[in-house]
Amino acid sequence: MPERNLLAEFKAGNIRGLARAISLVEQRDPSVRHLLEGLANGARRPRVLGFTGAPGTGKSTLVDALVSNLRESELRVAVLAVDPNSPYSGGAILGDRIRMQRHALDPGVYIRSMGARGHLGGLSVATREAVRLLGAFGFDEVILETVGVGQSELEVAAIADTTLVVLTPGLGDGVQMIKAGIMEIADVFVVNKADLPGAQKTMQEIRSMLSMGPKLSWRAPIVGASAIKGEGVDEVLAAVERHRAHLEASGEAAERAEARLKDEAADLVAEWARAQARRLLDQDEAVAGRLRRDRIPYAAAEEILTRAGGRLVPEAART
Amino acid sequence: MSEVAAAGAQVEEPARPVRIVLAKVGLDGHDRGVKVVARALRDAGFEIIYTGLRQTPQMVVEAALQEDAQVIGLSLHSGAHMTLFPAVVEELRRRRAEDIVVFGGGIVPEDDIVELKKQGVAEIFTPGAPLQSIIDWLRNRFPAR
Ligand SMILES: Nc1nc2c(ncn2[C@@H]2O[C@H](COP(=O)(O)OP(=O)(O)OP(=O)(O)O)[C@@H](O)[C@H]2O)c(=O)[nH]1
Ligand SMILES: [Mg+2]
């Protein structure tokens with residue numbers, strides 16, 4: 001699809017326009033700016049739910065059930081499923097769609113698998129921009145799914161309005177989660193696979209862990225569910241709604257929105273500056289020569305910032 | 001690909017990886033073979049979106065559009081290749097997405113392969129074909145990476 005058609009395809013509601021735009025975002029193509037600024041809905045933000053948890057805890061199955069539930073209210077739902085790429089080959093097998101096949105032909109549902117591809121600064125910049133595109137395209141709810149094994153769950157938490165941490169009975173998940181610092185990011189705990197033995201015990205463990213932590217204005221509820229049987233899904237959504245109401249009532253929603261925008265602007269500056277710095281380092285003999293002579297980077301870095309000035313904005317993003 | 005990237009404003013990130021929707025069409029119910037292919041292609045640097053068993057041509061094409069995949073790989077062992085493979089090509093045409101390349105794997109007789117290629121299936125790999133031949137074919141088809 002030629003680039004010039006992208007905006008038209010996107011505006012016309014063609015899913016291919018959206019899909020291609022998200023690819024540009026994944027590639028960190030700065031020209032996406034013009035697409036977003038050119039859309040009447042460019043600043044429209046959808047509601048964002050983030051699901052994270054250890055591999056195989058049932059996140060995708062749960063997301064699938066939740067999508068059904070949201071579709072009953074006629075909400076348009078997008079799912080962004082983020083998985084790590086192989087650090088060796090750069091390739092990936094993205095398999096979250098398998099669990100969501102019943103929504104495959106529903107025009108009110110969009111599912112996109114994203115490889116994390118080792119982006120600098122992690123995934124957050126790309127994911128945030130993808131969320132923007134989805135909002136502008138008309139989706140009401142965006143669900144992010146990511147495996148909680150590294151940094152990505154923290155990034156998801158920074159983007160989502162409500163973060164759900166999915167655990168399962170037994171397996172000592174709980175202990176691992178504390179180690180990984182994942183407890184702090186949970187707005188809602190879901191103990192999935194509650195059809196298996198030990199769910200009550202796991203819920204009790206989380207409860208006592210939380211009671212040892214600091215008193216917060218929001219106490220993360222712990223919901224039992226069996227995604228595979230469709231049980232507890234209403235309760236999960238009810239907990240999300242309560243959290244949303246809390247964010248609104250406490251003024252936290254507005255605060256978080258502002259903090260998110262600031263993050264977004266700061267990350268963009270860092271990304272743009274880094275790209276242009278690389279260019280100067282590779283192409284500008286004065287900067288490169290200085291670095292070679294100094295063998296220590298501070299003066300070269302200062303020179304780049306001083307000299308680059310307005311040129312820090314990548315050409316493709318200039319107006 | 002975007003002229004923007006070529007202009008060098010974006011020098012850090014790699015070019016667009018080749019994204020491939022892999023699906024089992026038809027009613028046969030095991031996916032060992034396609035999973036082996038998925039792993040080999042991942043290890044060769046491709047991004048594989050695996051959509052699972054019993055996919056209809058509509059589902060496969062919709063997934064490829066949503067995922068912005070450049071390639072669809074179909075696996076079929078039920079003998080219905082002469083209807084299902086062309087149905088995917090036809091659905092791509094209907095959705096104005098003929099640029100998406102379709103290849104297939106399965107037990108397909110030589111004569112049928114000739115006919116399927118005429119109908120727009122780019123390549124067919126039969127069970128004896130080494131995995132490397134699929135990788136080489138894809139790399140040849142998408143030399144950018
Ligand atoms: N018993 C039981 N199994 C479940 C339940 N939910 C999901 N599963 C199974 O758990 C396995 C993993 O489910 P997924 O939904 O793919 O889990 P996931 O967390 O998305 O997995 P990754 O994305 O690979 O991290 C599948 O075999 C599911 O059928 C449940 O409520 N009960
Ligand atoms: Mg999953």
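The figures follow:
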{"quantity": "Residue exposure sequence - B:THR83, A:THR202, A:THR61 - by fewest surrounding Cβ within 10 Å", "calculated": "B:THR83, A:THR61, A:THR202"}
{"quantity": "The stretch B:16-141: C-alpha gyration tensor shape, a/c 1.5 cut-off, then a/b vs b/c", "calculated": "rounded"}
{"quantity": "Residue exposure sequence - A:ASP195, A:ASP64 - by fewest surrounding Cβ within 10 Å", "calculated": "A:ASP195, A:ASP64"}
{"quantity": "Whether chain A is rounded, prolate or oblate, judged on the alpha carbon gyration tensor where a/c under 1.5 counts as rounded", "calculated": "prolate"}
{"quantity": "Cβ-placed point charges (K, R +1; D, E -1), dipole of the stretch B:16-141 about Cα centre in debye, nearest 20", "calculated": "300"}
{"quantity": "Low-density loop cleavage sites - trypsin sites (Lys or Arg not before Pro) in the stretch A:275-319, where at most 13 other Cβ are within 10 Å (DSSP)", "calculated": "A:ARG295, A:ARG318"}
{"quantity": "Proximal lysines to B:LYS24, defined as alpha-carbon separation beneath 27 angstrom and excluding residues fewer than eight positions away on the same chain", "calculated": "A:LYS59, A:LYS229, B:LYS35, B:LYS117, B:LYS118"}
{"quantity": "Dipole-positive endmost among A:VAL313, A:LEU210, A:GLY95 within the protein assembly as shown (Cβ charges, Cα centre)", "calculated": "A:VAL313"}
{"quantity": "Relative contact order (%) - chain A, alpha-carbon pairs under 8 angstrom, separation at least six", "calculated": "18"}
{"quantity": "Farthest positive-ward along the stretch B:15-145 dipole, Cα basis, beta-carbon charges - from B:ALA38, B:ILE124, B:GLN55", "calculated": "B:ALA38"}
{"quantity": "GluC sites (Glu not before Pro) within the stretch B:74-145, DSSP loop, no more than 15 other Cβ atoms inside 10 Å", "calculated": "B:GLU98"}
{"quantity": "Shielding by partners, peptide A:99-106 (average Cβ within 10 angstrom, other chains)", "calculated": "3"}
{"quantity": "Gaussian network model of chain A, springs between alpha carbon atoms under 10 Å - residue of A:VAL287, A:VAL63, A:VAL223 with greatest fluctuation", "calculated": "A:VAL287"}
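A short reminder: the numbers here are calculations on the coordinates, not readings from a lab. From a predicted model like this one, the values you see are computed outputs, not experimental measurements. As a convention, Cβ positions derive from the backbone with ideal geometry for all residues, glycine included, and neighbour counts pool all protein chains shown.
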